[in-house]
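Asker: Have a look at this one before I ask anything.
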Amino acid sequence: MKRLYKVLTGAMSAFLFIILFTNASTGPGANFSTGYTGAPFDAGYCNNCHGGGNFTPLVSLQLLDQSSQPVTTYVAGASYTLNINVSTSTGLTPNTRYGFQVVAVRGAGNNNAGTWGAISPDYHTVVINNRTYVEHSDRLTSGSISLPWTAPTTGTGNITFYAAGNVVNFSFDPTGDNPNVGNLTIAPSPLPVSWLYFNGKSEGKRVLLEWATTNEVNNGQFLLEKSRDGERFTTLTSVEAAKDPKPEQKYSYTDLTPASDNYYRISQIDNNGTRNTFRTIRVTGETVPGGIAYTREGKIVILLPDQEGEDATVDVLAIDGKKVSSQAVKVLAGHNRLETEAPGLAGIYHVSVKAGSRTLFSGKILVE
């Protein structure tokens, strides 16, 4: 009886072993909620279970731009393709299969970076510790994997892709397989221009738009767009970039047919066609003549001409009238440049500057 018990126990263990690793063939993240890319924050990589095979796997990664050219830097918000190649020079048989897992992270906290696009049914995504991994859905017949990926917004810094690849012999256990890891780090591309400002002001029946840049490199042109509601924009004009830009290069354009309320958006377009939008401003007849408000580097900037010296208050209200912030300011005689913190949420806000019962400025502003 004891011998029969041992036989049954051994058979049951083998059965569970087969079931466990057959299910694991659909990806470690989906089955164990664990990352195995070899990244410093993951639980090692696939060699925790797989090994003992005759394969000599290599895992290489390459990021391609929309022209299918390999890149080592990325443009914020641009679309790319991540190619992962899991290869082996030994041990190949008609039953050889492949698996992988990859994640993209940024910063000292190794936070999730960018977004994965629509992927093949052979792969799937899984979220582990707020990071999105992509892995195989079943054993793959090829070790060449292509994944669409969109870069995050400006200011993210270096991004690292960590990937593990596995070459397997298509048996029902992890012996006879060989995994390996690879990684790729890309840096943000230097911006073609450094923006100084983008302002607009009403001049009778016209609106003068002015902007300035510095450190222009590979800059093709500027695109000006116009809207009445801050949401639906149409092209106003394009302005060619300076052929020999100065350390501080200034530009201007006059809108000869403005409405009573106007939103203007400016973008810069590289020589290779990549577009980078700077900001949106509003120029309206509701403001004090010559008064301008715009956002810059997390601040709302208000320009007030021809003022008297007095104490005032800058109020920022949400579109529903709820007060977001209020700040006491000192308005000096003559022209003034006032600043207050921009709201943390994107949207349209009402901004006013009041001195006692007098309104020095009143208008709406779009915070992106």
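Asker: Counting only residues that are touching a strand residue (DSSP E or B) at 6+ places or on another chain (Cβ under 9 Å) and free of Cβ contacts under 8 Å to residues at least 24 places away in the same chain, which one in the range 239-272 is farthest from Thr153 (Cα to Cα)?
Answerer: Thr257
Asker: How about the range 325-360: which of its residues are hydrophobic (A, V, I, L, M, F, W, C), buried (at least 19 other Cβ atoms within 10 Å of the Cβ) and closer than 30 Å to Asn276 by Cβ?
Answerer: Leu338, Ala342, Val351
Asker: Going through the range 123-160 one residue at a time, which ones are within 20 Å of Thr96 (Cβ to Cβ), of a type outside the set (Ser, Thr, Tyr) and not in a loop (DSSP other than H, G, I, E, B)?
Answerer: Scanning the range 123-160 gives Glu135, His136, Leu140, Ile145.
Asker: Answer yes or no as to whether Ile300 is out of contact with any His (no Cβ under 8 Å at 6 or more places or on another chain), closer than 18 Å to Lys201 by Cβ, not assigned by TED's automatic domain parsing to the domain that holds Phe278 and not small (Gly, Ala, Ser).
Answerer: Considered against the rule, which asks whether it is out of contact with any His (no Cβ under 8 Å at 6 or more places or on another chain), closer than 18 Å to Lys201 by Cβ, not assigned by TED's automatic domain parsing to the domain that holds Phe278 and not small (Gly, Ala, Ser), Ile300 comes out as yes.
Asker: Looking only at the range 99-122, count how many residues are within 18 Å of Pro40 (Cα to Cα) and not in a strand (DSSP E or B).
Answerer: 5
Asker: Here are some residues: Thr274, Thr280. Which one is surrounded by fewer than 19 Cβ atoms within 10 Å (Cβ to Cβ), in the same structural domain as Glu225 (by TED's automatic domain parsing) and farther than 19 Å from Ala328 by Cα?
Answerer: Thr274
Asker: Got at least one residue in the range 260-277 being of a type in the set (D, E, K, R) and touching a Phe, Trp or Tyr at 6+ places or on another chain (Cβ under 6 Å)?
Answerer: Yes - at least one qualifying residue is present in the range 260-277.
Asker: Considering each of Val329, Val316 in turn, give the residue that is outside the structural domain of Asp261 (by TED's automatic domain parsing), modelled with pLDDT of 90 or more and in contact with a His (Cβ under 8 Å, 6 or more places away or on another chain).
Answerer: Step by step, each of Val329, Val316 is checked, and only Val316 is outside the structural domain of Asp261 (by TED's automatic domain parsing), modelled with pLDDT of 90 or more and in contact with a His (Cβ under 8 Å, 6 or more places away or on another chain).
Asker: From the list Val75, Val102, exactly one residue is in contact with a Ser or Thr (Cβ under 6 Å, 6 or more places away or on another chain) and either in the same structural domain as Ser171 (by TED's automatic domain parsing) or closer than 25 Å to Asp177 by Cα (or both). Which is it?
Answerer: Residue meeting the stated conditions: Val75.
Asker: Taking the condition part of a strand (DSSP E or B), of a type outside the set (D, E, K, R) and closer than 23 Å to Ser260 by Cβ, does Leu338 pass?
Answerer: No: the conditions fail for Leu338.
Residue by residue, here is whether (1) modelled with pLDDT of 95 or more; (2) farther than 27 Å from Asn158 by Cα; (3) assigned to a strand (DSSP E or B) holds:
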| position | (1), (2), (3) |
| --- | --- |
| Leu63 | yes, no, yes |
| Gln66 | no, no, no |
| Ala76 | no, no, no |
| Tyr80 | no, no, yes |
| Ile84 | yes, no, yes |
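The values are calculated or read from the model by the stated rules, or taken from the named source; none is laboratory data. All figures in this text were calculated on a predicted structure; none of them were measured in a lab. With ideal geometry, Cβ positions are generated from the backbone for all residues, glycine too; neighbour counts draw on all protein chains shown.
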